[in-house]
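Working notes, structure below.
The values are calculated or read from the model by the stated rules, or taken from the named source; none is laboratory data. Just so you know, these numbers come straight off a predicted model, no measurement behind them. Methodologically, a virtual Cβ is constructed for each residue, glycine included, from the backbone with ideal geometry; neighbour enumeration extends over all protein chains shown.
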Amino acid sequence: MGTETRQEKLEKLRKFWKTHLDKWEESGLSQKEYCRQHNLVYHRFGYWKARFKSRNLPVKFVQVASQPINPGPYVLKLNLPRGCQIEIPDDFSADTLKRVLVTLQES
């Protein structure tokens, strides 16, 4: 029974594929031909190539200027059919809103 941890197995895989990717770049062969010559699964080769490439991308942060949002006196706006719009304040009465919606639905 193997005593390798999951992390150790993953590290072995990384080293295996990193070695092959480096050798492939030096070989001048197409990916497909390199995989054929070394009995590697082409799609797995592509997966590891993309994985290493994404890890090597520099991380850049950009400062974004933001402006405070003033929601005004209304928290919610309902746009209803036929051009009706209801602006509902933060402290609305649920009963009143219900009556308005029922009235609009009936008309």
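Okay, residues lined up against (1) touching a strand residue (DSSP E or B) at 6+ places or on another chain (Cβ under 9 Å); (2) at pLDDT 80 or above; (3) exposed (fewer than 10 other Cβ atoms within 10 Å of the Cβ):
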residue	(1), (2), (3)
Leu10	no, yes, no
Leu29	no, yes, no
Lys32	no, yes, no
Gln67	no, no, yes
Asn70	no, no, yes
Tyr74	yes, no, no
Pro81	no, no, yes
Phe92	yes, yes, no
Among (1) at pLDDT below 80; (2) surrounded by 10 or more Cβ atoms within 10 Å (Cβ to Cβ); (3) not acidic (Asp, Glu), which single condition is Lys60 missing?
-> (2)
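Quick grid of which residues meet (1) in the same structural domain as Arg51 (by TED's automatic domain parsing); (2) farther than 21 Å from Lys53 by Cα; (3) of a type in the set (Asp, Glu):
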{"residue": "Glu11", "(1), (2), (3)": "yes, no, yes"}
{"residue": "Phe16", "(1), (2), (3)": "yes, no, no"}
{"residue": "His20", "(1), (2), (3)": "yes, no, no"}
{"residue": "Lys23", "(1), (2), (3)": "yes, no, no"}
{"residue": "Leu29", "(1), (2), (3)": "yes, no, no"}
{"residue": "Lys32", "(1), (2), (3)": "yes, no, no"}
{"residue": "Gln37", "(1), (2), (3)": "yes, yes, no"}
{"residue": "Leu40", "(1), (2), (3)": "yes, no, no"}
Six or more apart or on different chains, Cβ under 7 Å: which pairs go from a residue in segment 3-28 that's over 16 Å from Val41 (Cβ atoms) to one that's at pLDDT 90 or above? Could you list them?
-> Ser27/Tyr34
